[in-house]
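> Handing you a structure now.
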Amino acid sequence: MKLSLSPLQSGGLLAAVLLLSLSLRSSAQIAGGTPPPANPTALAWDADMKEYHAKLGDPKAEVFFLVTNTSPAEVVVNSVHTSCGCTTAHLPPMPWKLAPGADGRIDVSIDLTGKTGLIIKTVTVASTAGAKELQIRVFIPDPQVARMENMQLAQGDRQAVFKDSCVRCHVTPGVNKRGAELFHAVCGVCHEAVHRASMVPDLHHLNHPTSADHWRIWITSGKPDSLMPAFSQSMGGPLTDEQIESLVDYLVKANPSMDANGTPASH
Ligand code: HEC
Ligand code: HEC
């Protein structure tokens, strides 16, 4: 038998299929409980996108989003999905019910380890009002560029390391410290850096004799027209005389004087 459908017949078949699928769908909804119709405008967010300008060395970026249920019905947040394992969202336990008029907050934390430049992360919030994508743009300075800029600043003013944004890494770590601890906090930054700049000498392998006076003079006054700053408070530095003496004691013991060949003169 040959099966051929006239346009009228095929239209009727299509209608029947549509009807069938519609009735299937509505019976499935009845079985699962009819969800309220999604109202995409029910949740009002304070922003769809937040920016974070990280400082060099920031371990993470932290932003938050505020949300208000502006609808007359309860909205239930069922799930939150972040775009990578490095991004975590903190919010009340789910299902999170927002009564009409209620406010809420989602805190987002992004791990910045090993990242530079611009990174874009998303948090998708699924609720009875529908799905909402929130975006976070983080700007992370390139350490090499930042280092060049810092060095240029210090070339113009060797005391720059003790000012403004430099304080965080070059002064604060040494506050109230003495001796070895103080050395590692404020001297080691430059002198023991893994990628030590070529003009910064290795204090463990100096090729000339040293003495308590040698260390004291260098720490107190540094050297004009170099990147070695003057640390004493009398010269605008951060260290008290007592802190400087604790460094001198430490350095005399830790770095015994070298002879002209770079070998320890006395042991
Ligand atoms: C986030 C911490 C941090 C901040 C902020 C910072 N520095 Fe540094 N600085 C370092 C570290 C770490 C080194 C050791 C070299 C390296 O690993 O980059 C260093 C080294 C230096 C050096 C030695 C030359 C070199 O590149 O090794 C100079 C000069 C310097 N910093 C100046 C500055 C100035 C000026 C500022 C402020 C404008 C500043 N730094 C802000 C961490 C910091
Ligand atoms: C901002 C980076 C930086 C910091 C911080 C720093 N230094 Fe220096 N230091 C230098 C540079 C650069 C030189 C080389 C100066 C030159 O001769 O051009 C130097 C030179 C020296 C020298 C002379 C070495 C020699 O030839 O005998 C001594 C000693 C010294 N520093 C000790 C210290 C001590 C101690 C501290 C901590 C209190 C310290 N430095 C902190 C950058 C730094």
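Values quoted throughout were computed directly from the atomic coordinates according to the rules given, and no laboratory measurement underlies them. No experiment lies behind these values; they were computed from the predicted model shown. Here Cβ is always computed from backbone atoms with ideal geometry, including for glycine, and neighbour counts include all displayed protein chains.
> First select every other residue whose beta carbon is under 15 angstrom from the beta carbon of residue 182; then total the charges, Lys and Arg +1, Asp and Glu -1.
-2
> Order these by the 10 Å Cβ neighbour count, fewest first: 203, 134.
Result, fewest neighbours first: 203, 134.
> For the stretch 203-213, in order, what is each residue's ³J(HN,Hα) by Karplus, 6.51 cos²θ - 1.76 cosθ + 1.60 with θ = phi - 60°, in whole Hz (x at glycine and Pro)?
5, 7, 10, 7, 9, 8, x, 10, 7, 4, 4
> Extension gain residue 202-residue 169, at 0.36 nm per residue separation less the Cα-Cα distance, in nm?
Additional length available on full extension: 9.9 nm.
> List, in order, the whole-Hz ³J(HN,Hα) value for each residue of the stretch 247-256 obtained from phi through the Karplus relation with A = 6.51, B = -1.76, C = 1.60 and θ = phi - 60°; use x for Gly and Pro.
Coupling constants for the stretch 247-256: 6, 4, 4, 4, 5, 4, 7, 6, 10, x Hz.
> Name the long-range amide H neighbours of residue 49: under 5 Å, sequence gap of 5 or more, or other chain; modelled H, no Pro or chain starts.
Residues meeting the amide H criterion: 135.
> Gap in Å between the Cα centre of the stretch 85-104 and the Cα centre of the stretch 145-195?
42
> A further question follows. To make sure I understand the rule: partners must be lysines, Cα under 23 Å from the Cα of residue 55, and not fewer than 8 residues away in the same chain. Which ones qualify?
Straight-distance partners of residue 55: 115, 121, 163.
> From the backbone phi of the stretch 114-119, what are the Karplus-calculated ³J(HN,Hα) couplings (6.51 cos²θ - 1.76 cosθ + 1.60, θ = phi - 60°) in whole Hz, Gly and Pro given as x?
x, 10, 9, x, 9, 10
> Can you tell me how the stretch 69-205 classifies by the Cα gyration tensor, rounded, prolate or oblate, using a/c under 1.5 as the rounded cut?
Prolate.
> Between residue 235 and residue 113, what FRET efficiency follows from the Cβ-Cβ distance if R0 is 45 Å, with the result rounded to 0.05?
E(calc), rounded to 0.05, equals 0.75.
> Give the share of C-alpha pairs in each 5 angstrom bin for the stretch 143-254, from 0 to the last occupied bin, in whole percents, shortest bins first.
Computed distribution, short to long bins: 2, 12, 22, 28, 21, 12, 4, 0.
> Between residue 120 and residue 221, 0.36 nm times their residue separation minus their Cα-Cα distance comes to what?
Full extension of this stretch gives 31.8 nm more.
> Do me a favour and compute the ellipsoid semi-axes for the stretch 43-140 from its Cα gyration tensor, root of five times each eigenvalue, largest one first, whole Å.
The answer is 27, 12, 10 Å, longest axis first.
> May I pose another question? Given H placed 1.01 Å from N in the peptide plane, which residues other than close sequence neighbours of residue 83 have an amide H under 5 Å from its amide H?
122
> What's the local net charge at residue 91, with K and R +1, D and E -1, over the other residues with C-beta under 9 Å away?
0
> Treat the count of other C-beta atoms within 10 Å as a stand-in for reagent exposure and order 82, 88 from fewest to most.
Starting with the residue having the fewest Cβ neighbours, the order is 88, 82.
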